[in-house]
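Here, each number is a calculation from the coordinates, and none is a lab measurement. Quick caveat, the model's predicted, so the values are computed rather than measured. Cβ placement follows ideal geometry from the backbone for every residue including glycine, while neighbour counts extend to all protein chains displayed.
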Amino acid sequence: MRTLLAFGVLWLAGCASTPPDERDGPPLKVPADLHRTPDARPRIEPVRVGGPNKPYEALGRRYVPFTDDRPLVENGGASWYGRKFHGRPTSSGELYDMFAMTAAHKTMPIPSYARVRNPANGREIIVRVNDRGPFADGRVIDLSYVAALRLGVLNNVAPVQVRRLTASDIRALQSSADRARELLDP
């Protein structure tokens, strides 16, 4: 009888709490050297009309993603998302990986690449935009856990500048990386 009573108490306690995988937040175990995760490596990828780039509604607002190669610069808040969404599909259909340098944006084409700068500490990162969001007022980008860690914005919503990388920006980055490799390997 005591075993049955103990089991019942444990079962009720389990029902009263949210399972750890349903709560958002940092990973339960942070991998070593996570702060050394390299930036996303920008490459020119085809953007299709429709799918994750078709107009949509979220929280009563309508958004129209653009599908051309226009530049975009925004200033606003950066937030991040973690373990609650880890392993779940993003708007692109890829699985969200909180340890990859990715982000969510309301209207950038999917896929896109963006340079995100934290003016408070001068840190900059490059992320691959593969999801939609954030939908809270004043926020312009949702970062993966590791991107927020690298940028130094894990504690709160933080002001950032977001700059979409166009195809010409990506070609220039690739060209400068090629020149750097040539200097290292004569």
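For every other residue with a beta carbon closer than 14 angstrom to the beta carbon of Ala58, add +1 if it is Lys or Arg and -1 if Asp or Glu, then tell me the sum.
So the environment of Ala58 carries a net charge of +2.
Assuming R0 = 35 Å, can you tell me the calculated FRET efficiency for the pair Asp137 and Ser175, based on Cβ-Cβ distance, to the nearest 0.05?
Plugging the Cβ-Cβ distance into 1/(1 + (r/R0)^6) gives 0.35.
Were the residues from Tyr63 through Ala167 laid out at 0.36 nm apart, the gain over their Cα-Cα distance would be 35.1 nm.
Hydrodynamic radius of segment 31-186 by the Kirkwood approach over all distinct alpha-carbon pairs: 16.0 Å.
For Lys29, list the lysines whose Cα falls under 24 Å from its own Cα; do not include residues on the same chain fewer than 8 positions away. Reachable lysines: Lys84. At q = 0.15 Å⁻¹ the log10 of I(q)/I(0) for segment 122-174 amounts to -0.48, computed by Debye summation with a single uniform scatterer per C-alpha, solvent ignored. Once the Kirkwood radius over Cα pairs is known for segment 92-146, the Stokes-Einstein relation at 25 °C and 0.890 mPa s delivers a diffusion coefficient of 212 µm²/s. Within segment 53-106, the proportion of Cα pairs with more than 13 Å between them is 70 percent.
For every other residue with a beta carbon closer than 13 angstrom to the beta carbon of Gln161, add +1 if it is Lys or Arg and -1 if Asp or Glu, then tell me the sum. Computed value for this residue: +3.
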